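What follows draws every value from the coordinates through simple rules; no lab data is involved. In this text, all values refer to a predicted model and were calculated from it rather than measured experimentally. Here the Cβ is made from the backbone with ideal geometry for all residues, glycine too, and neighbour counts use every protein chain on show.
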């Protein structure tokens, strides 16, 4: 079987690092790219057998693109600290890496999301998937600050059948801080594509985001948590344009 490298970008993930590393026992290499955590993330990772490299964080795509060539193996699995590889997904990856020839360069992996301790089946998250199993010398991320993804032009991509688990919620403060960061980064991504910010961007686009998650994507079937997710997603859109106004006022 081909050896596998696992890359885990981190920043103050002391609560998560043992869980994510523990979900991938026996891999050839675990490479933690730490953005100078103020907690004991790096020490914990090293104690669990990971190789830790520290680098200043400028954005998710840049951090991952820097990390990919640092891996010593051709095949890489990229995980966030709040993700977990299930036994069925691990078995599928091992079977794939045991094949004589792999006719693809990257693989989509679905994510089963959990929020506030609840499994989310709707709310627009039911189709969540990311390209995370990649061939090192072929795949790189685009330059987006939010929802960065592997560039697929000219790259052979397939999909794995099994999902990883994604525990995106630690507590309300942590998740809202995350949404604020995403709002600021998203403003940078959309700045050149948005000539002006008016009532349409500040009211109607957040309203439609709520409507999309709660009604069209059946967030109401996730109960109270579905309502919370839909409201926070709408708030994230509002923040994008608020930060965009701030960016333009600085010029």
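Here is how the numbers come out for the structure above:
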{"item": "GNM flexibility winner over the chain from 76, 93, 102 (Cα, springs under 10 Å)", "result": "102"}
{"item": "Percent of beta bridges antiparallel (DSSP, the stretch 4-167, rounded to nearest 5)", "result": "40 percent"}
{"item": "Folded to 0 to 90 degrees: helix 223-250 orientation relative to the chain principal axis, Cα", "result": "80 degrees"}
{"item": "Burial ranking of peptide ranges 13-22, 150-159 (average Cβ count within 10 Å, highest at the top)", "result": "13-22, 150-159"}
{"item": "The chain: angle of helix 87-97 to the longest principal axis, Cα-based, in degrees nearest 10", "result": "60 degrees"}
{"item": "The chain: most fluctuating residue of 206, 195, 60 per GNM, C-alpha cutoff 10 Å", "result": "195"}
{"item": "Mean separation of Cα contacts under 8 Å, 6 or more apart, over the residue count of the chain: relative contact order %", "result": "18 percent"}
{"item": "Acute angle (nearest 10 degrees) that the helix 172-190 long axis makes with the longest principal axis of the chain, alpha-carbon atoms", "result": "80 degrees"}
